[in-house]
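Report on the structure given below.
The values are calculated or read from the model by the stated rules, or taken from the named source; none is laboratory data. The structure displayed is predicted, hence computed values, not measured ones. No Cβ is skipped: glycine too gets one built from the backbone with ideal geometry, and neighbour counts run over all protein chains shown. Surface areas here come from the heavy atoms of the whole protein model, side chains and all, with no ligands, DNA or RNA. Shrake-Rupley method; radii C 1.70, N 1.55, O 1.52, S 1.80 Å.
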Amino acid sequence: HGRMGISAVPGSGKTHTLSYLAASLIARQQIQDDQEILIVTLSNSAANNFISRIESFLSEFDLLPGLGYRVRTLHGLAHDIVRERPDLAGLSDRFQIADESTADQILTSVSQAWLRANPAFVLEWSDPDQSPQSNPGLIKKWQTNLTRLGQAVVRQAKDLQITPSELRQRLPGNPSPLLLFAAEVYNDYQRALAYRSAVDFDDLIRLALQALSSDPDYLSRLRYRWPYILEDEAQDSSRLQEHILRLLVGEEGNWVRVGDPNQAIY
């Protein structure tokens, strides 16, 4: 049993090596029939690349394709965990997932609504020489910027496990308009999700951690199911995503983390 962290530059063969390791573990019968090598990465395209490479190595080893491993994005893994036991996450069996497009539409809508309700914001925070009259695109630019800010606020707040009400309580006296925007847009965004009986990708991470932390038997079953965890693009794992993997590995599991800190996106 062991853990390994590897920092490797672009083109050094990270995906190739992890794919070969997964196929080799299967070929050497290091897992039982009801176990899997779990490979986690950042994007769907990277996940598909892993599947293609692992299948190629399994073919070289004269093994059946598609058996003995599971490739997931970190959000996909969280979805698997929550979907199997939604009761542990406080969700019904019929919960919906707001994909990135839906989440962006909601954030755009609530950001624009906030800007309409606070028209003085544009004049206060724009170049004094600019106004909606002299620059017709000014409002549109602020809508875009505030939507991006709202995305960052929601992502960071959820990674810190701060609810909208907790964020409002933490505001200082006489807060700046930007802080008020952050608190109000986060609150309105979550209300819009609740109205749809939906959770977003960042909620999935939080709820997966809740499910794993609340039921030791469920966690134990998943630890048995995935005795080897191979993580690519580890530099972009959030605090909660890393916590999920640490729980799944436990004391007896095996965890290989590969990434390049110089390529960190988030």
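A few comments on the model shown:
- 3J(HN,Hα) from dihedral phi, segment 137-150, Karplus parametrisation 6.51/-1.76/1.60, rounded to Hz, x for glycine, proline: x, 5, 4, 4, 4, 5, 4, 5, 5, 6, 5, 5, 5, x
- 5 angstrom amide H check on residue 255, placed H, neighbours 5+ away: 2, 3, 4, 229
- Taking the Cα centre of segment 158-266 as reference, the dipole from Cβ charges on Lys and Arg (+1) and Asp and Glu (-1) amounts to some 340 debye.
- Of 107, 75, 89, farthest towards positive along the dipole that unit charges on Lys, Arg, Asp, Glu beta carbons give segment 19-169: 107
- Per residue accessible area of segment 113-266, 1.4 Å probe, in Å²: 53
- Phi-based couplings in Hz for segment 11-24 (Karplus 6.51, -1.76, 1.60; Gly and Pro marked x): x, 8, x, 4, 5, 4, 5, 5, 5, 5, 4, 4, 5, 5
- In this label model, residue 174 and residue 123 are separated by 2.1 nm, measuring between points 7 Å along each Cα→Cβ vector.
- Placing +1 on the Cβ of every Lys and Arg and -1 on the Cβ of every Asp and Glu, with no other charges, gives segment 71-125 a dipole of roughly 60 debye about its Cα centre.
- Remark: segment 102-119, residue by residue, has Karplus-estimated 3J(HN,Hα) of 5, 4, 5, 5, 5, 5, 4, 5, 6, 5, 5, 5, 5, 5, 5, 7, 10, x Hz, where x stands for each Gly or Pro and the curve is 6.51 cos²θ - 1.76 cosθ + 1.60 at θ = phi - 60°.
- Extent along the principal axes, Cα only, for segment 214-266: 38, 21, 14 Å, with the longest axis given first.
- Range of Cα positions in segment 152-266 per principal axis (Å), largest first: 51, 37, 26
- Unit charges on C-beta of K, R, D, E only; dipole of the chain, Debye: 400
- Classified by the C-alpha gyration tensor, segment 32-171 has a prolate form. Its axis ratio a/c, with a ≥ b ≥ c, is 1.5 or above, and a/b is larger than b/c.
- Of the labelled figures (1) 14.1; (2) 13.4; (3) 17.5, only one reflects mean projected area of the Cα convex hull in nm² as derived from the coordinates, namely (3).
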